[in-house]
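Notes follow once the structure below has been shown.
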Amino acid sequence: ASHEILNYMMHTLPLRGKVLTVDTMNANVKKVDYAVRGPIVQRAVQIEKELKEGVKKPFEEVIKANIGDAHAMGQRPITFFRQVMALCTYPQLLDDNKFPEDAKNRARRILQSCGGNSIGAYTTSQGIDCVRHDVANYIQRRDGGIPSDPDNIYLTTGASDGIVTILKLLTAGEGRTRTGVMISIPQYPLYSASIAELGAVQINYYLNEEKCWSLDISELQRSLHAAREHCNPRVLCIINPGNPTGQVQSRQCIEDVIRFAAKENLFLMADEVYQDNVYAEGCEFHSFKKVLFEMGPEYSSKVELASFHSTSKCYMGECGFRGGYMEVINMDPEVKAQLTKLVSVRLCPPAPGQALMDLVVNSPQPGEPSYQTFMKERTAVLSALAEKAKLTEEILNTVPGISCNPVQGAMYSFPRITLPERAINEAKAKGQAPDMFYCMKLLEETGICLVPGSGFGQREGTYHFRMTILPPTDKLKIMLNKLKEFHQKFTQQYS
Amino acid sequence: MDRLGERRNYNEVLDLSSGDLHRGGIKPITFVRQVLAACFYPALLEDDSLPLDVKQRAESLLRECDGGSIGSYTESSGIAKIKHCVSQFITRRDGGVPSSPDNIFIKSGSQTALMIMLKLLISGKDLCQTGVLIPVPTYASFTLALEEQGAAIIPYHLCEEQGWTLQVEELRKALHTGRKTCNPVALYICNPGNPTGHIQSRKSIEEVIRFAAEERLFILADEVYQSCVYGDDTEFYSYKKVLSEMGSTICSTVELASFNSVSKGFMGECGLRGGYMELVNLDPAVKEYASRLFSTRSCPPVVGQIALDLMAGPPKPGDPSFPTFSEEVQAIKNTICKNTGRIQEVFAELPGISCQPLKAGFFVFPCLHFSLKAIQWAKKRQMEPDMLYCLRLLEETGLHVRPGCEYGQRKDSHHIRLFVATQENIMEDALQRLKTFHTPFMKEFS
């Protein structure tokens, strides 16, 4: 029989061949790319090694402005959070009078909900009960009283874990019925990588660079219509505040998106990890949940929504903790049961991340001993970011050939760069994306590590890079000016 | 159930269902928690209360973190210095067999690392669907993970009568059957075993490796219970070590991924999510893709990575923390030994329950010998007899253990799984509750 022949062939391949090769491997893995940690970062790490070994370079240090890691760039952790974490980890410290009472109370409360009163015990897969309750309360307060059910809250290993899990749940079908996932261009490449890994279909909708990266419903419509020819669009992902673009969507826009999702029967995924990072005048964060419910039961009882948050951004910057949550709204109960089963496979999210998430949603209140210091630290971080956002936009816009939209929120600028024809051709001859070519040269000559726009997606024929606004203000100024010099030199060199 | 609303004759549920050391009342290792606390809140480094070696370790770990903070992202496969420490641990464990940090990937728990390997290995449908050989019994969340990844599961039975040994003939039979319906590619081993507590002899490991070499299978060796060995004359041999001593063709060709974590052993830090895998003989091109896959998940939790470092490089004789550390580790070992002794004593007195010798791991998986009457009663309720046993056990005594049907077992055999690494008084309480339930239950169905 044919299957016997097939098996025979598969098992008598020459012994030189390994069982797991690029050809026998899961083919979807080949399509996975994640520019934020891609080849340019690998080269940056190599250069750092060379510098350490004493190799002479035109710069003294590599500035890693490629990744949204605030602490790596010198931002300090919030004292209160770290105190509570230390108390949770080594409860002997509860007898130490150097720790404030409100920190001790939070620690005791968290430990009481942990097995054996230890942060080292497994938690339930959905996450520690009291943390989910606190998250629900936070959401309710944030959204002006709109109720949140702890049962709809899933704690996750960073927001990425939640995002991939929901995408996995939604991916089904074959060929023309294969799940299509709508994502903004430009986008945070976790989405494109996960879509590739899951074998779903990526559906691009372009943000409007001329209008400060705003979202046009007509563009959503166009993209959906075209996609329906070859797949089954089921999901609409939106990142607000945006990554890499930093735009903060208006309330009207959010309503329009919800209306669109309702009309076209799309599951909404709202990535809101930068919800505290809003800087520009006139901009405000509106959660998708809040807007949905304020649009009345016609929408709030129908539209399926998953919102994501994390401990990695905002004012906390605690990326290494891998803390996060998602809230699922209007999910079919049978599907929700499957979701609960799915998350149980990885056992549980890291307990320290869960504890930290609890502190973020249950931070010191007026009257508590730690309140003043907490507010001071929080305000300092957010106002520094706002200052750096403005600074970045200003300086970059003084460079001929660089045009930068206002950085309304998040942690990045995504300026457009004009590249000379000769540079573009040289890049293409090398088989490199022109903005990768540019960024590599920038790295080699100045030590500044950025991520080329091609890693995020952009309109054909346009080039960008993503740069974080995280380095300390002084270093940021130096970096921006070096960038300015480089760009002018580069433009001249290839003119 | 029909007993709802009745006064219960116990105060609280006693949960021996999961492999969680701390939940079972065992205290975390002091050195580990002190270092972690100092890493969370470096102001503690100025404190007199912490021993010098704790401070030095915390400082050296913080130096490896960007911005000196454990809140920063790290390399996707883990902090280089920690991978180095892990590779040295492996080399020491294996009596000098070299281990390279480049082949070490740190993940948030061994499960997550295992799932990344599965993701690389599994694809295809129908006859081309990737098949993975797994032992029966095996723990439930692993089966779920395989299903989730779209693998075809090819079960091979462990031999209960011989102490749950792995027999190559059984592997061969399973593989032959598997080849009729799918494309078997990987062989999963759990050693020491969960739930069986079996530990493979060196000879057994060699036989399995030879089988994998002949049949061209990728070995997934789940070794998370490697430091929980307590049987007399029992020793843990890692698959890597045995492989390295098997002649140049085999040792340079058989592809192997070994898994370990901080969740078990004396650390018991399940909630911190620290685990690693070591890859042996992996195609370099595939390793590149594995790295890329890892990078999309940004990085493993830093606290879990630090716990791994402490597991791989614990206090040494002469270090200030060593006396307390070794006392605490020894106390845990003694507790487990006492518990396994008590379990065997109690089971010997009870009718209809028998147990293979307890050699390793965190669980005991005794066989329940139900009468025909009991089996029919369960059938009437459309439930497995051991599930029904566990439900009634929980209802009547508050003792929570898991039924064998969740792990797989031979037809018409029934088991329960009990966690053994708890405080002695908790174990004693559990055994009393089991005793008061078991004998009347068996009598009821005699």
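Looking at A:R82, A:R76 in this structure, which one is outside the structural domain of A:M316 (by the TED database) and assigned to a loop (DSSP other than H, G, I, E, B)?
A:R76
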Legend entry - Selection from segment A:301-339 of residues that are touching a Gly at 6+ places or on another chain (Cβ under 6 Å) and among the aliphatic types (A, V, I, L, M): A:M326
Inset, instruction - Please determine, by comparing only the residues of segment A:302-356 that are basic (K, R) and closer than 26 Å to B:G274 by Cα, which one is farthest from the other protein chains (Cβ to nearest Cβ). - result: A:K313
Legend entry - Tabulated pairs, segment A:113-141, first away from every other protein chain (no Cβ under 11 Å), second of a type in the set (S, T, Y), C-beta under 6 angstrom, 6+ apart or interchain: A:Q126/A:Y154; A:D129/A:S113; A:C130/A:S113; A:V135/A:Y325; A:A136/A:S148; A:I139/A:S148; A:Q140/A:S148
Inset, instruction - Look at segment A:41-50 and say how many of its residues are modelled with pLDDT of 95 or more and either surrounded by 21 or more Cβ atoms within 10 Å (Cβ to Cβ) or hydrophobic (A, V, I, L, M, F, W, C) (or both). - result: 2
Legend entry - Qualifying residues in segment B:162-200 (those that are touching a residue at least 24 places away in the same chain (Cβ under 8 Å) and among the hydroxyl-bearing types (S, T, Y)) - the one nearest to B:S110 (Cα to Cα): B:Y188
Inset, instruction - Can you confirm whether segment A:165-187 contains a residue that is under 21 Å from the mean Cα position of the chain (by Cα) and at positive phi? - result: no
Inset, instruction - Kindly indicate whether any position in segment B:182-200 is in contact with a strand residue (DSSP E or B) (Cβ under 9 Å, 6 or more places away or on another chain), at pLDDT 95 or above, part of a helix (DSSP H, G or I) and not aromatic (F, W, Y). - result: no
Inset, instruction - Output the residues belonging to segment A:229-249 that are surrounded by fewer than 24 Cβ atoms within 10 Å (Cβ to Cβ), outside any strand (DSSP E or B) and in contact (Cβ under 8 Å) with a residue 12 or more places away in the chain. - result: A:H230, A:C231
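Residue-by-condition table, conditions (1) in a helix (DSSP H, G or I); (2) among the small types (G, A, S); (3) more than 10 Å from chain B (Cβ to nearest Cβ); (4) surrounded by 24 or more Cβ atoms within 10 Å (Cβ to Cβ):
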| site | (1), (2), (3), (4) |
| --- | --- |
| A:L111 | yes, no, yes, no |
| A:P147 | no, no, yes, no |
| A:K168 | yes, no, no, no |
| A:A172 | no, yes, yes, no |
| A:V181 | no, no, yes, yes |
Legend entry - Only one of B:S141, B:S108, B:S123 that is within 17 Å of the chain's Cα centre (by Cα) and at pLDDT below 90: B:S141
Inset, instruction - Inspect all residues belonging to segment B:284-293 and state whether any of them is more than 8 Å from chain A (Cβ to nearest Cβ), aliphatic (A, V, I, L, M), free of Cβ contacts under 8 Å to residues at least 60 places away in the same chain and more than 18 Å from B:G19 (Cα to Cα). - result: no
Legend entry - Yes/no for A:V360 being of a type in the set (A, V, I, L, M, F, W, C) and crowded, with 19+ Cβ neighbours inside 10 Å: yes
Inset, instruction - Can you give me the number of residues within segment B:355-369 that are under 13 Å from the mean Cα position of the chain (by Cα) and either more than 17 Å from B:T335 (Cα to Cα) or part of a loop (DSSP other than H, G, I, E, B) (or both)? - result: 2
Inset, instruction - With the condition kept exactly as written, say whether any residue in segment A:82-102 is more than 19 Å from A:T311 (Cβ to Cβ), facing chain B (nearest Cβ under 8 Å), hydroxyl-bearing (S, T, Y) and under 27 Å from the mean Cα position of the chain (by Cα). - result: no
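Pull up segment A:113-132, narrow it to residues that are in a helix (DSSP H, G or I) and not hydrophobic (A, V, I, L, M, F, W, C), then point me to the one that is surrounded by the fewest Cβ atoms within 10 Å (Cβ to Cβ). Spell out how you get there, then give the answer.
So in segment A:113-132, the residues in a helix (DSSP H, G or I) come out as A:115-117, A:129-132.
Going one step further and asking which of them are not hydrophobic (A, V, I, L, M, F, W, C), we end up with A:115-117, A:129, A:132.
Details: A:G115: 23, A:G116: 21, A:N117: 17, A:D129: 12, A:R132: 26.
Among those that are in a helix (DSSP H, G or I) and not hydrophobic (A, V, I, L, M, F, W, C), it is A:D129.
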Inset, instruction - Identify, by number, the condition in (1) among the acidic types (D, E); (2) at the interface with chain A (Cβ under 10 Å from one of its Cβ atoms); (3) under 27 Å from A:S312 (Cα atoms) that B:E64 doesn't meet. - result: (2)
Inset, instruction - Inspect segment A:216-232 for any residue being within 19 Å of A:N405 (Cβ to Cβ) and modelled with pLDDT of 95 or more and give the result as yes or no. - result: yes
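Does B:T177 satisfy the condition of being at the interface with chain A (Cβ under 9 Å from one of its Cβ atoms) and either acidic (D, E) or surrounded by fewer than 19 Cβ atoms within 10 Å (Cβ to Cβ) (or both)?
On the way: at the interface with chain A (Cβ under 9 Å from one of its Cβ atoms): no; either acidic (D, E) or surrounded by fewer than 19 Cβ atoms within 10 Å (Cβ to Cβ) (or both): yes.
When the stated conditions are applied, B:T177 does not pass them.
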Legend entry - helices (runs of 4 or more DSSP H) wholly inside segment A:274-344 that include at least 3 residues being assigned by the TED database to the domain that holds A:T123, without any contact (Cβ under 8 Å) to a residue 60 or more places away in the chain and under 22 Å from A:G144 (Cβ atoms): A:288-294, A:297-300
Legend entry - Residue check, B:I154 within 14 Å of chain A (Cβ to nearest Cβ), of a type outside the set (G, A, S), surrounded by 19 or more Cβ atoms within 10 Å (Cβ to Cβ) and not in a helix (DSSP H, G or I): yes
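Kindly indicate whether A:I203 is in contact with an Asp or Glu (Cβ under 8 Å, 6 or more places away or on another chain), touching a residue at least 24 places away in the same chain (Cβ under 8 Å) and in a strand (DSSP E or B).
Values: in contact with an Asp or Glu (Cβ under 8 Å, 6 or more places away or on another chain): no; touching a residue at least 24 places away in the same chain (Cβ under 8 Å): yes; in a strand (DSSP E or B): yes.
Answer is no for this residue.
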Legend entry - In segment B:110-145, residue surrounded by the most Cβ atoms within 10 Å (Cβ to Cβ) [restricted to those that are out of contact with any Phe, Trp or Tyr (no Cβ under 8 Å at 6 or more places or on another chain) and outside any helix (DSSP H, G or I)]: B:G131
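Return yes or no: is A:K484 more than 24 Å from the chain's Cα centre (by Cα), under 21 Å from A:E387 (Cα atoms) and either modelled with pLDDT of 95 or more or of a type outside the set (D, E, K, R) (or both)?
Working: more than 24 Å from the chain's Cα centre (by Cα): yes; under 21 Å from A:E387 (Cα atoms): yes; either modelled with pLDDT of 95 or more or of a type outside the set (D, E, K, R) (or both): yes.
Considered against the rule, which asks whether it is more than 24 Å from the chain's Cα centre (by Cα), under 21 Å from A:E387 (Cα atoms) and either modelled with pLDDT of 95 or more or of a type outside the set (D, E, K, R) (or both), A:K484 comes out as yes.
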Inset, instruction - Of the conditions (1) within 12 Å of another protein chain (Cβ to nearest Cβ); (2) surrounded by fewer than 22 Cβ atoms within 10 Å (Cβ to Cβ); (3) free of Cβ contacts under 8 Å to residues at least 60 places away in the same chain, B:C251 clears all except one; give me its number. - result: (1)
Inset, instruction - Would you point out which residue out of A:G457, A:G431 is crowded, with 17+ Cβ neighbours inside 10 Å and not hydrophobic (A, V, I, L, M, F, W, C)? - result: A:G457
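Working only within segment A:149-164, note down all residues that are under 21 Å from the mean Cα position of the chain (by Cα), in contact (Cβ under 8 Å) with a residue 40 or more places away in the chain and either at positive phi or part of a helix (DSSP H, G or I) (or both). Spell out how you get there, then give the answer.
Here is the first cut: in segment A:149-164, the residues under 21 Å from the mean Cα position of the chain (by Cα) are A:153-164.
With the extra rule that they be in contact (Cβ under 8 Å) with a residue 40 or more places away in the chain, the set shrinks to A:153-163.
Across segment A:149-164, the qualifying residues are A:G158, A:A159, A:S160, A:D161, A:G162, A:I163.
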Legend entry - Conditions (1) touching a residue at least 40 places away in the same chain (Cβ under 8 Å); (2) within 8 Å of chain A (Cβ to nearest Cβ): number failed by B:L16: (2)
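The values are calculated or read from the model by the stated rules, or taken from the named source; none is laboratory data. Note that this is a predicted model, so its numbers are computed, not measured. For neighbour counting, all protein chains shown are included, and Cβ atoms are generated from backbone atoms with ideal geometry for every residue, glycine included.
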